[in-house]
Each structure stands twice: as structure tokens, then as C-alpha cells.
1. Can we say residue 97 is among the small types (Gly, Ala, Ser), modelled with pLDDT of 95 or more and under 15 Å from residue 22 (Cα atoms)?
2. Filter region 73-122 down to residues that are of a type in the set (Val, Ile, Thr) and within 14 Å of the chain's Cα centre (by Cα) and give me whichever is surrounded by the most Cβ atoms within 10 Å (Cβ to Cβ).
3. From the list 59, 37, which residue is without any contact (Cβ under 8 Å) to a residue 12 or more places away in the chain and under 13 Å from the mean Cα position of the chain (by Cα)?
4. Looking at region 11-55, which of its residues are surrounded by fewer than 16 Cβ atoms within 10 Å (Cβ to Cβ) and in contact with a Gly (Cβ under 6 Å, 6 or more places away or on another chain)?
5. In region 62-72, what residues are open to solvent by less than 70 Å² (accessible area, probe 1.4 Å) and more than 14 Å from the chain's Cα centre (by Cα)?
Amino acid sequence: QVQLVESGGGLVQPGGSLRLSCAASGSIFSIDRMGWYRQAPGKQRELVATVASGGPTNYADSVKGRFTISRDNAKNTVYLQMNSLKPEDTAVYYCNADFRRPGSIWHLDNAWGQGTQVTVSS
């Protein structure tokens, strides 16, 4: 079984910073794309940022210039550096990954983490 485990969430004041981490483990041949999504109370889950294996990144307009996504392919880990946090960033943040299993490298699978709470409040 492939697992994604997020860490780094917590309570921070407006203008502060947090760094989220997501480590993938299990039987994995490769990870094509990793990303972060978030879901705030009363809202649908939305894309925050993604990073492909080759490096290209994509950000939601609401976080551009404030958040930075990166990955360590050797550790199968993706990070989200969150700066200048605002109360509207409060949400549960979920890690997501498209990956291939060793026994089926031509099949693209997908997995979600359990989520980590980020609360921005004074």
C-alpha cells in the first residue's frame, strides 16, 4: 500500500509562515506529479500548487507570490512553504500524488494524504 503522510500544520498568526511536508512511502516505481490541495469550511476542495517530476509548477492565483512548492525526488517528499499567511488560508491541506507501481509502470495511480490543519488567526 502507498501512503502519503502530511506534517507541519498548526496555528500561526497572520503574516506568519509554515512549511508543510508530505512523504510518500510504500511500493513506488516513480511519482509523476505531487501537489497540495486545501478545503476550508463551507468550500470545495481546491488546488493550491502542483509540481511535476521535471520541475514545472502550478499555483492557484490566491497563493502566487506567497507559497512555494518543491520536491525531493530521492525522498519522495513534497514541500509547501507558506509565507505571508492570511486568515483565508485557514483550511485542511491535503497532499496528492500521481505515481506508478513497480509491477505496473504504465499505469498511473493516485493517492491522497489524510490532511493537516492550518489555522491562521490572531
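1. Numbers: among the small types (Gly, Ala, Ser): yes; modelled with pLDDT of 95 or more: yes; under 15 Å from residue 22 (Cα atoms): yes.
So residue 97 fits the description; yes.
2. At the first step, the residues of region 73-122 found to be of a type in the set (Val, Ile, Thr) are 77-78, 90, 92, 105, 116, 118-120.
Narrowing the set further to residues that are within 14 Å of the chain's Cα centre (by Cα) leaves 77-78, 92, 116, 118.
On the way: 77: 19, 78: 29, 92: 18, 116: 22, 118: 22.
Once the filter is applied, the top-ranked residue is 78.
3. Values: 37 fails: without any contact (Cβ under 8 Å) to a residue 12 or more places away in the chain.
Step by step, each of 59, 37 is checked, and only 59 is without any contact (Cβ under 8 Å) to a residue 12 or more places away in the chain and under 13 Å from the mean Cα position of the chain (by Cα).
4. The answer is 19, and nothing else.
5. 62, 66
The values are calculated or read from the model by the stated rules, or taken from the named source; none is laboratory data. Remember, predicted model here, so these are calculated numbers, not experimental data. We place every Cβ from the backbone using ideal geometry, glycine too, and count neighbours over all the protein chains shown. Only protein heavy atoms, including side chains, enter the accessible area calculation; ligands, DNA and RNA are left aside. Shrake-Rupley method; radii C 1.70, N 1.55, O 1.52, S 1.80 Å.
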